[in-house]
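Asker: Can you keep this structure in mind? I'll have questions shortly.
The values are calculated or read from the model by the stated rules, or taken from the named source; none is laboratory data. Nothing here was measured: the structure is a model prediction, and the numbers come from that model. Note that each Cβ is placed from the backbone with ideal geometry, even for glycine, and that neighbours are counted across all protein chains shown. Quick note on the areas: whole protein, heavy atoms, side chains included, nothing else; ligands and nucleic acids left out. Shrake-Rupley method; radii C 1.70, N 1.55, O 1.52, S 1.80 Å.
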Amino acid sequence: MIEHVYRRAAAARSIARVIVATDDRRILDAVEGFGGDAVLTSPSHQSGTDRLAEVAASLDCDVVVNVQGDEPVLAPDTIDAAVAPFCAAAEATDEAGVLEMTTLRRRIVDPAELRNPNVTKVVVDRDGFAMYFSRAPIPFTRAGQPEAPAWAHIGLYAYRRATLLRLAALPPTALERAEALEQLRALEHGIRIKAIETTHETIGVDTPEDLARVRALLAHPITT
């Protein structure tokens, strides 16, 4: 699985280098076995953000992308979409200052998905910046009122390197713990997250059913 994720990340046009950050030597050996680049990190990290920051601290770069290792059908274009706002001068600065962090969102069309706590939802403002992330069905539509768009969050992030290091040094927050969503730490500490719309779907492999779906999809070549 990790090789599929690695090769899809490497296929993104905006990526200069792909590194697997892991505290498991078996994963390190597997990555190096197919010619990939991996770093063994501390086993004490409480989140993927903290693990990523350990590696980023030694890198000479401006933007760092966090790709989950359990999403082997991630389209390379989704990575490029998250990085693009950092590359476009017109989009890289807003009224609040320099863009610090981006992620992705896709439209929810299935009501069952909106109610599913395993699908993280995001509400955005008029400029596409995240106002809140939740496992609850947000936004709530009161009876008799028109529905507002509902968005599913795709757990891929791009950060300014300095922002990532600052975020990892901040203490966990009450909302982050309550929802078990580490991106809420950024919002609670005033770090704005631009949520870029995409039509691509990803599958995180959390269940045997997820694995079966992924195996079927991987029978097809990589597309963007």
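Asker: Any chance you could run the full-extension gain for ARG177 through ALA10? It's 0.36 nm times the residue separation minus the Cα-Cα distance, nm to one decimal. Display every interim value, and only then the final one.
Answerer: On the way: separation 167, 0.36 × 167 = 60.12 nm, distance 3.26 nm.
Once the chain is fully extended between ARG177 and ALA10, it gains 56.9 nm.
Asker: Moving on to the next point. Largest first, what is the accessible-area ranking of MET131, MET1 with a 1.4 Å probe? It would help to have the intermediate numbers written out before the result.
Answerer: Details: MET131 120, MET1 95 Å².
Of MET131, MET1, the descending order of accessible area is MET131, MET1.
Asker: Still on this structure, I have one more. Can you tell me the order of 187-196, 153-162, 139-148, 42-51 when each peptide is scored by its average per-residue count of other Cβ atoms within 10 angstrom, highest first? Could the numbers behind the result be given before it?
Answerer: Details: 187-196: 18.5, 153-162: 21.9, 139-148: 8.7, 42-51: 14.1.
Top of the packing list down: 153-162, 187-196, 42-51, 139-148.
Asker: Shifting gears a bit: Size of the dipole of the range 7-161 about the Cα centre, Lys and Arg at +1 and Asp and Glu at -1 on the beta carbon, nothing else charged, in debye to 20? Mind showing how you got there, number by number?
Answerer: On the way: 17 positive and 22 negative charges, 91 e Å.
Computed about the Cα centre, the dipole is about 440 debye.
Asker: Also, I was wondering about something else. Quick one: among ASP110, ASP80, ASP62, which has the greatest mean-square fluctuation in a GNM of the chain with alpha-carbon springs under 10 angstrom?
Answerer: ASP110
Asker: Over the chain, give the accessible area per residue in Å² for a 1.4 Å probe, as an integer.
Answerer: Numbers: 12110 Å² over 224 residues.
With all protein chains present, the chain gives 54 Å² per residue.
Asker: Can you give the Rg to Rh ratio for the range 30-88, taking only C-alpha atoms and Rh from Kirkwood?
Answerer: On the way: Rg = 13.3 Å, Rh = 13.6 Å.
A ratio of 0.98.
Asker: Shifting gears a bit: Would you kindly give the portion of the calculated P(r) for the range 107-186 that falls above 20 Å, as a percent of all Cα pairs? Intermediate results must be reported in sequence, preceding the final value.
Answerer: Numbers: 1232 of 3160 pairs.
Roughly 39 percent, rounded to a whole number.
Asker: Once the convex hull of the alpha carbons of the chain is built, what does its volume come to per residue, in cubic angstrom?
Answerer: Details: hull volume 31.6 nm³, N = 224.
With only Cα atoms used, the chain gives 141 Å³ per residue.
Asker: Which order do LEU74, LEU114 take by accessible area at a 1.4 Å probe, largest first? Kindly include the intermediate steps, with their values, before the conclusion.
Answerer: Numbers: LEU74 10, LEU114 40 Å².
Descending accessible area places them as LEU114, LEU74.
Asker: May I pose another question? Can you pull the percent of the range 52-159's accessible area that's carbon plus sulfur, 1.4 Å probe, other chains left in place? Provide the component values of the computation, followed by the final result.
Answerer: Details: 2790 of 5390 Å².
Exposed carbon and sulfur together represent 52 percent of the surface.
Asker: Shifting gears a bit: First measure r as the distance between the Cβ atoms of CYS61 and ARG166, then evaluate 1/(1 + (r/R0)^6) with R0 = 25 Å and state the FRET efficiency to the nearest 0.05. Intermediate values should be presented prior to the final figure.
Answerer: Numbers: r = 16 Å, r/R0 = 0.62.
My answer for the efficiency is 0.95.
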